[in-house]
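Peer 1: Take a look at the following structure, please.
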Amino acid sequence: MKKVNARIAKWGAMSLLALGTLATSCSDDDKVDDGDNGSNYKITVTLNDVNPDEDFVSVAVSGGTLAGKTDVWKVNGVAKTGESAIGLDKNDFVGSTKTYVIETTQPIRAFAGGVQIINYGANMPLSFKIEKANEVVVNESLTLSGDGADFTKQYSF
């Protein structure tokens, strides 16, 4: 039952992320130069005590420049050429790496991000931070108890 719920939750999160990307990146006035060349973003995610057999983790971000370039990401300092979105799941947090820093390599005009973490096991401390143009715009820090406690949020800038 947990796998079915996790699968439904994952598809729901990805659907909301896709909808958010479409809603924030498409408009009739894209050719108008309003002087806003976009902003750089930095997302920092830390998860401890993730159990790959019980917990569900989905962290996804996407965005693009005014010119339509979407492969603008690096993760923990490594450029991700050709990737228009970055996704992390529970297996990314099981090894020695518990913190991921996702950054844009150049300013972007549209940003959409989503996070869903469902904890079925022991307490899971987490922190999630988004910086836009070096200013903290989201800063979440909490501990999820077991039995399906969840943290689910969608962001767009």
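Peer 1: Tell me, what HN-Hα J-couplings in whole Hz come from the Karplus equation 6.51 cos²θ - 1.76 cosθ + 1.60 at θ = phi - 60° for each residue of the range 111-124, using x for Gly and Pro?
Peer 2: 9, 9, x, x, 9, 9, 10, 10, 10, 10, x, 5, 3, 10
Peer 1: Let me ask another. Can you tell me the relative contact order of the range 41-156? Whole percent, Cα pairs under 8 Å, sequence separation 6 or more.
Peer 2: Computed value for the range 41-156: 34 percent relative contact order.
Peer 1: Let me ask something else about it. Just going by the charge dipole of the range 41-156, with Lys and Arg at +1 and Asp and Glu at -1 on Cβ, which of ASN123, ALA60, VAL137 is farthest out on the positive end?
Peer 2: VAL137
Peer 1: Give me a comma-separated list of calculated 3J(HN,Hα) values for the range 95-105, in order, Karplus coefficients 6.51, -1.76, 1.60 applied at θ = phi - 60°, integers in Hz, x for any Gly or Pro.
Peer 2: x, 6, 8, 10, 10, 10, 10, 10, 10, 7, 8
Peer 1: Once phi is turned into θ = phi - 60°, what whole-Hz ³J(HN,Hα) does the Karplus curve with 6.51, -1.76 and 1.60 give for every residue of the range 69-77, x standing for Gly and Pro?
Peer 2: Result, rounded to whole Hz: 6, 10, 8, 10, 10, 9, 10, 6, x.
Only the coordinates and a few stated rules stand behind these numbers; no lab work does. As the structure is a computational prediction, the values presented were derived from the model and not from experiment. Because the Cβ atoms are built from the backbone with ideal geometry, glycine has one as well, and the counts that use them run over all protein chains shown.
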